[in-house]
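**Q** The structure that follows is given in the form of structure tokens.
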Amino acid sequence: MRSLISLTLLTAACSGEYDLKRSPDPESDAYPDIVVHPPAVDFGQLGEGAAATESFEIENVGEVTLEVSDIQVVVGDDVFRVLSDTEWSIEPGDAETIDVEFVPYGLEHYGSIEVSSNDPDTPEAPVDLYGLGTPPDTPILQITPDNYQFGDPDGITFVPCGASKELEMRNTGSADLIVTDVDYISGGLLSFDNRGVGLPLTLAPDEYVTVAVDFAATTAGADTGTLSVTSNDPRGVVTADQNGEGAYLNFVTESFEVPGVAPVDIVFLIDQSCSMSENQGTIEAGMPDFVDELANVSDWRMIQVTKEGGCGNNGIIDANTPNAAQVLSNNAFNGGISFSNYTEQLLKHADTALSKDAPGLCNEGFLRPGALLHIIIASDESDQSPQSPSHWVSQYENYVVDPAMVRVSGIIDINSRCGEGSVGPGGYIDAVNATGGSLIDICQPDWGNQLTDIASSVLAGIKSYNLQAVTDEATITVTVNGVETTDFDYEAAGSTVTVNSPPIGESDIVEITYAEPASCN
């Protein structure tokens, strides 16, 4: 509660008699409350002999009438003049506009206005004044606008939209303006476009050029940019500020009980050495069931590699390839049983095949960002590749978005028991164990029936979920049965989230929350 103990003595305008007005009753809690906005008025730059008028408002946010008794220029009355009435009665919730004129005679002018009223807290409310003139033979740089806020009325631009604002650099002086340097500093969301304007730049009086500032709301966050222009203007450096704030339109949560189909890129390498002739029929016969199981558990594509160059037999095979299983069966040994060195160096040979994914090479377009890379090796001998198995696994990891997306599975001589002279699974089994892949014992006569196990087990627990909208990975939150996990990968091309851990079973519920981007005009 405000306490008022003074009485205000006002002179009556017409009769000359005194009018005694009483302050609000302290116990009534009702009083006038003045708000002046803006608290400072900038008239900008004026040419020689010019005048400008700007305004401010007096608002009563109190509960009783605000009596304004005077509006006076107390500093700078040689260049600033109040044009409006200086006495007002302003009811609660109302406002009055006050016009002020500026007529400069020098380069830089400061002033101040005092608004006197019966507001008990602010009996004299100040308004600061500032303006620039143009002395004879002086270049003056004016940047318009000198302050700009990108976005909607609340100053928000929705991700991923953007906008551009043109800025005018004009010489409002009376001598040539020479611009020698232009600098722009921002946090990265705002950028400067010089529109081809070169330096040094000379502008005659009233001549101008147009530049621009672009705002790209590629992510949530605020940014401020400052354009600093150095010239022969007496002020040296003239600046203009821009502000932009990006925000996401909305956050959505999608709940999944049934996972989507995980993408998997398969490199299937088959030892073509002489001893593998005993396994030829088993591999060829197992291909149809293997392909059927792949279709059930994944969005698959494959290159079958049996030749020295590392190129896929018949190019890239996928579910849309006519008679895919038959094509794979027919070409499983088209390299021809031989004794060439490469066929027992399948860890190295897998890297050769992957390197041919580059543009213009034979496996171009095979690897998909975000897909699981599954290398399947069939051999009854140990690996003869130079370098260690860990070296080759690290090479494979260069082809995926996350090392966890590499699997090596082996159809190999697990227990060195395929016969006398067997050298066992050396190298291959190390790569399988290092990546959590699957094993099939090639020495078992019915191993071909287990090919489907490789197709399904390698994806067990790794589930992919297709979101309804493409989003920013940084905004994604994933929970499995209410517990958050950060071990997931996101592929924007298909708006797919792949959960690497924890393993997900049939009854598990996965919830994915993410930012929904706006549609830009």
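**Q** Taking segment 440-497 as the search range and keeping residues that are of a type in the set (Gly, Ala, Ser) and closer than 30 Å to Ile429 by Cα, which one is modelled with the lowest pLDDT?
**A** Here is the first cut: in segment 440-497, the residues of a type in the set (Gly, Ala, Ser) are 448, 455-457, 460-461, 464, 469, 474, 482, 492-495.
Restricting the remaining residues to those that are closer than 30 Å to Ile429 by Cα gives 448, 455-457, 460-461, 464.
Details: Gly448: 79, Ala455: 82, Ser456: 78, Ser457: 72, Ala460: 64, Gly461: 61, Ser464: 79.
Across segment 440-497, the extreme among qualifying residues is Gly461.
**Q** Checking Ser255 against (1) in contact (Cβ under 8 Å) with a residue 60 or more places away in the chain; (2) in contact with a Ser or Thr (Cβ under 9 Å, 6 or more places away or on another chain); (3) within 30 Å of Glu491 (Cα to Cα): exactly one of these is not met. Which one?
**A** Unmet for Ser255, out of (1) in contact (Cβ under 8 Å) with a residue 60 or more places away in the chain; (2) in contact with a Ser or Thr (Cβ under 9 Å, 6 or more places away or on another chain); (3) within 30 Å of Glu491 (Cα to Cα): (2).
**Q** In addition: Return the pair list, or none, for Cβ contacts closer than 7 Å from residues in segment 126-154 that are closer than 30 Å to Ser116 by Cα and in the same structural domain as Val79 (by TED's automatic domain parsing) to residues that are polar (S, T, N, Q) and part of a loop (DSSP other than H, G, I, E, B), at least 6 apart or on different chains.
**A** Going by the 7 Å Cβ cut-off, there are no qualifying pairs.
**Q** Could you pull out every one of the strands (runs of 3 or more DSSP E) wholly within segment 351-442 that has 3 or more residues that are hydrophobic (A, V, I, L, M, F, W, C) and closer than 18 Å to Asn279 by Cβ? Give the steps one after another, and end with the answer.
**A** On the way: elements: 372-378, 406-412, 439-441.
In segment 351-442, 372-378 are the strands (runs of 3 or more DSSP E) which contain 3 or more residues that are hydrophobic (A, V, I, L, M, F, W, C) and closer than 18 Å to Asn279 by Cβ.
**Q** Still on this model: Identify all residues within segment 481-521 that are of a type in the set (A, V, I, L, M, F, W, C) and part of a loop (DSSP other than H, G, I, E, B); write none if there are none. Before the answer, list the steps.
**A** From segment 481-521, those of a type in the set (A, V, I, L, M, F, W, C) are 483, 488, 492-493, 497, 499, 504, 509-510, 512, 515, 518, 520; that's our starting set.
Matches in segment 481-521: Ala492, Ala493, Ile504, Ile509, Ala518, Cys520.
**Q** Restricting attention to segment 370-383, does a residue exist that is within 14 Å of Gly310 (Cβ to Cβ) and in contact with a Cys (Cβ under 8 Å, 6 or more places away or on another chain)?
**A** no
**Q** On to the next question. Just checking, which of Val127, Val100 is in contact with a Lys or Arg (Cβ under 8 Å, 6 or more places away or on another chain), crowded, with 21+ Cβ neighbours inside 10 Å and within 30 Å of Gly173 (Cβ to Cβ)?
**A** Working: Val127 fails: in contact with a Lys or Arg (Cβ under 8 Å, 6 or more places away or on another chain).
Of Val127, Val100, the one residue that is in contact with a Lys or Arg (Cβ under 8 Å, 6 or more places away or on another chain), crowded, with 21+ Cβ neighbours inside 10 Å and within 30 Å of Gly173 (Cβ to Cβ) is Val100.
**Q** Out of the residues in segment 130-154 that are part of a strand (DSSP E or B) and out of contact with any His (no Cβ under 8 Å at 6 or more places or on another chain), which is surrounded by the most Cβ atoms within 10 Å (Cβ to Cβ)?
**A** Step one: of segment 130-154, the residues part of a strand (DSSP E or B) are 130-132, 141-144, 147-149.
Those left that are additionally out of contact with any His (no Cβ under 8 Å at 6 or more places or on another chain): 141-144, 147-149.
Details: Leu141: 24, Gln142: 21, Ile143: 20, Thr144: 15, Asn147: 11, Tyr148: 17, Gln149: 18.
Restricting to residues being part of a strand (DSSP E or B) and out of contact with any His (no Cβ under 8 Å at 6 or more places or on another chain), the top hit is Leu141.
**Q** Moving on. Need pairs with beta-carbon distance below 8 Å; first residue among the basic types (Lys, Arg) and within segment 162-176, second surrounded by fewer than 17 Cβ atoms within 10 Å (Cβ to Cβ) and at pLDDT below 95; sequence gap 6+ or separate chains.
**A** Arg170/Asp206
**Q** Give Val213, Val197, Val182 a once-over and let me know the one that is assigned to a loop (DSSP other than H, G, I, E, B), outside the structural domain of Ala52 (by TED's automatic domain parsing), modelled with pLDDT of 95 or more and surrounded by 13 or more Cβ atoms within 10 Å (Cβ to Cβ).
**A** When all the criteria are applied, what remains is Val197.
**Q** Since Ser174 meets every condition but one in (1) hydroxyl-bearing (Ser, Thr, Tyr); (2) surrounded by fewer than 17 Cβ atoms within 10 Å (Cβ to Cβ); (3) modelled with pLDDT of 95 or more, which condition does it not meet?
**A** (3)
**Q** In addition: Being in contact with a Pro (Cβ under 9 Å, 6 or more places away or on another chain) and part of a loop (DSSP other than H, G, I, E, B) is the filter here, so list the residues in segment 461-480 that pass it. First the steps, then the outcome.
**A** Of all residues in segment 461-480, those in contact with a Pro (Cβ under 9 Å, 6 or more places away or on another chain) come to 461-465, 469-472, 480.
Matches in segment 461-480: Gly461, Ile462, Ala469, Val470, Thr471, Asp472.
**Q** Exactly one of (1) buried (at least 20 other Cβ atoms within 10 Å of the Cβ); (2) more than 30 Å from Glu516 (Cβ to Cβ); (3) outside the structural domain of Trp88 (by TED's automatic domain parsing) is unmet by Thr157. Its number?
**A** Failed condition: (2).
**Q** Would you mind listing the strands (runs of 3 or more DSSP E) fully within segment 1-120 where at least 3 residues are more than 50 Å from the chain's Cα centre (by Cα), modelled with pLDDT of 95 or more and not assigned by TED's automatic domain parsing to the domain that holds Pro205?
**A** Numbers: elements: 8-11, 18-21, 34-37, 40-45, 52-60, 66-75, 80-82, 88-90, 95-102, 108-117.
Once the strands (runs of 3 or more DSSP E) in segment 1-120 are filtered for at least 3 residues that are more than 50 Å from the chain's Cα centre (by Cα), modelled with pLDDT of 95 or more and not assigned by TED's automatic domain parsing to the domain that holds Pro205, what remains is 66-75.
**Q** May I ask you to say which residue of Ile303, Ile317 is hydrophobic (A, V, I, L, M, F, W, C) and either without any contact (Cβ under 8 Å) to a residue 60 or more places away in the chain or more than 13 Å from Val267 (Cβ to Cβ) (or both)? If you could, list the steps in order and put the result at the bottom.
**A** Values: Ile303 fails: either without any contact (Cβ under 8 Å) to a residue 60 or more places away in the chain or more than 13 Å from Val267 (Cβ to Cβ) (or both).
None of the others qualify; the one that does is Ile317.
The values are calculated or read from the model by the stated rules, or taken from the named source; none is laboratory data. Quick caveat, the model's predicted, so the values are computed rather than measured. Every residue, glycine as well, gets a Cβ built from its backbone with ideal geometry; the counts of neighbours run over all protein chains shown.
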